[in-house]
Structure formats: C-alpha cells, structure tokens
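Scroll down for the structure; my scribbles are underneath it.
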Amino acid sequence: MSRGRKPKTGVRHIYEVKLYLWEDEDDDLIAFLEGLPKGKRAAGLKLSKYLKVSL
C-alpha cells in the first residue's frame, strides 16, 4: 500500500499574479488578504471563488 496522495492526472497550469491594490479603492480585498497568512493567500482566493464569497 503506497503512502500519500495519488498523483494527479492532466495538465497543470501555473499563474503567478502580482496585484497592485489601492487604499480607499480596494479596502475590502486588502483586508481579506491581510487576514490570511502570507503563504495561504492563493488558497484563500481559490476558496473564496468556490464559496462564491463577495468581497
């Protein structure tokens, strides 16, 4: 019996994104991202998409 997760199949896409956010204009998104640990921000954005969270 092997350990860990099974390897995923299919094509993997990687997107590196840099956001420039402005105070007073993007306060909701700034607050959301600052509330997440730095290493979990991408996961938080993916989760908000699946939960259909309106920021």
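Since every read-out is calculated from the coordinates, none of them should be taken as a lab result. Remember, predicted model here, so these are calculated numbers, not experimental data. Cβ sites come from the backbone with ideal geometry, for glycine too, and all protein chains shown count toward neighbours.
Results, tabulated for the structure shown:
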quantity: Cα pair count fraction exceeding 11 Å, expressed as % - the stretch 16-55; calculated: 67
quantity: For the chain, calculated [θ]222 nm from helices alone, where every DSSP H run of n ≥ 4 adds -39500 (n - 2.57); calculated: -9000 deg cm²/dmol
quantity: Sequence of Ser48, Ser2 once ranked by neighbouring C-beta atoms within 10 Å, starting from the fewest; calculated: Ser2, Ser48
quantity: Pair Ser2, Asp27: separation of 7 Å Cα→Cβ label points (nm); calculated: 5.1
quantity: Given charges at Cβ of Lys, Arg, Asp, Glu: the stretch 16-55 dipole, positive-most of Phe32, Trp22, Leu47; calculated: Leu47
quantity: Nearest-ten-degree value, helix 41-50 long axis tilted from longest Cα axis of the chain; calculated: 90
